[in-house]
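Down below is the structure, laid out as structure tokens.
Each reported figure results from applying straightforward, stated rules to the coordinates on display, with no laboratory input. Owing to the predicted nature of the structure, the values given are computational and were not obtained by experimental measurement. Please note: Cβ atoms are built from the backbone with ideal geometry, for glycine as well, and neighbour counts cover all protein chains shown.
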Amino acid sequence: MRENVIENHLVQRAKQLGGEVRKVRWIGRRGAPDRLVMLPGRMLWVELKAPGEKVKPHQAREHERMRAMGQTVAVVDSLDEVEAMLA
Ligand SMILES: [Mg+2]
């Protein structure tokens, strides 16, 4: 399964829950998560991967910087994980 299949599922499910999803890219910095997911009263950053694919070291470093600032950063590589994250 390709990453974009999981990504499309995330967007569709978040919208069903009354949320908004945006694509993300930092200016002048690598490692931004793929998507910002805004749900009523909740916000999370999501890096999507094809099943079994891992985050790259520069992505992992950026995620850790963001988590150190209290951000929720999820790495998701399956449809089931999308559901669990949004539950
Ligand atoms: Mg990705």
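Looking only at residues in the stretch 66-81 that are surrounded by 13 or more Cβ atoms within 10 Å (Cβ to Cβ) and more than 16 Å from the ligand (Cβ to nearest atom), which one is farthest from Val37 (Cα to Cα)? So that I can check it myself, show each step before the final result.
Start the filter on the stretch 66-81 by keeping residues that are surrounded by 13 or more Cβ atoms within 10 Å (Cβ to Cβ), which leaves 66, 71-79, 81.
If we keep only those that are more than 16 Å from the ligand (Cβ to nearest atom) as well, we get 71-72.
Details: Gln71: 12, Thr72: 10 Å.
Ranking the candidates gives Gln71 first.
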Between a first residue in the stretch 31-45 that is farther than 10 Å from Thr72 by Cβ and a second residue that is charged (D, E, K, R) and more than 14 Å from the ligand (Cβ to nearest atom), which pairs have beta carbons less than 7 Å apart while being 6 or more apart in sequence or on different chains?
Gly31/Arg61; Arg35/Arg22; Leu36/Arg22; Met38/Glu20
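Per-residue answers, yes or no, for (1) at negative phi; (2) in contact with a helix residue (DSSP H, G or I) (Cβ under 9 Å, 6 or more places away or on another chain); (3) of a type in the set (Ser, Thr, Tyr):
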residue: Gly18; (1), (2), (3): no, no, no
residue: Trp26; (1), (2), (3): yes, yes, no
residue: Ala32; (1), (2), (3): yes, yes, no
residue: Lys56; (1), (2), (3): yes, no, no
residue: Gln71; (1), (2), (3): yes, yes, no
residue: Ala84; (1), (2), (3): yes, no, no
Considering only residues that are surrounded by 11 or more Cβ atoms within 10 Å (Cβ to Cβ), aliphatic (A, V, I, L, M) and more than 17 Å from Glu81 (Cβ to Cβ), which ones fall in the stretch 1-27?
Val24
